[in-house]
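For reference, the structure is listed below as structure tokens.
The values are calculated or read from the model by the stated rules, or taken from the named source; none is laboratory data. Keep in mind that what you see is a predicted model, and the values were worked out from it rather than measured. Cβ coordinates were reconstructed from backbone atoms using ideal geometry, including for glycine residues, and neighbour counts include every protein chain displayed.
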């Protein structure tokens, strides 16, 4: 079962990181348009729509990745003080009552929405129109990935209710951990305190 959880986590991670390269495209596009507009005096009507759609891709495709890393913001400040089984009970209830219906509806409606857009070859409304339907297909695709990851999170809740502990997640890029950094450079708190006392003494002597 743990292998299945890791496999889905890996898929969500791959999808999120692959779509994250859109940031590079978006940055290059904005930079080029600013240069073209203010230096060459040659703005492009379609760039704003392209920027909005690219940002939408980033926003939609980050959901499954963030859920896989347990990175979504929780509104309940008391949640962290609960026992794992209590946390799992709350999560499982919310997943069933709100997450599943919402994401299923998003994926289903998004698929219908995208196909309708494709049928009429929908475009943006400006002097240089862009096709909209490729972007709209991002909605059901992102919804499907998020739904798959949500099912895995529900399985995690069930396992936690049975064992009393949350199943392990794969490690990923994290913020700097000071304690781990100290271990890497072989520095102890006592060494830091001694150095601090030495510097303080030197300043006092001056």
Residue selected from the stretch 111-135 under the condition without any contact (Cβ under 8 Å) to a residue 12 or more places away in the chain and touching a strand residue (DSSP E or B) at 6+ places or on another chain (Cβ under 7 Å), by the criterion farthest from residue 58 (Cα to Cα): 123
Residue 125 vs (1) assigned by TED's automatic domain parsing to the domain that holds residue 45; (2) modelled with pLDDT under 90; (3) not in a loop (DSSP other than H, G, I, E, B): all pass except (3)
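To keep it simple, each residue is scored yes or no on (1) surrounded by 13 or more Cβ atoms within 10 Å (Cβ to Cβ); (2) in contact with a strand residue (DSSP E or B) (Cβ under 8 Å, 6 or more places away or on another chain); (3) modelled with pLDDT under 95; (4) closer than 16 Å to residue 148 by Cα.
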residue	(1), (2), (3), (4)
61	yes, no, yes, yes
65	yes, no, yes, yes
76	no, no, yes, no
86	yes, no, yes, no
108	no, no, no, yes
Expected single match for closer than 22 Å to residue 129 by Cβ, assigned by TED's automatic domain parsing to the domain that holds residue 141, modelled with pLDDT under 95 and loosely packed, with under 12 Cβ neighbours inside 10 Å among 72, 42 is 42
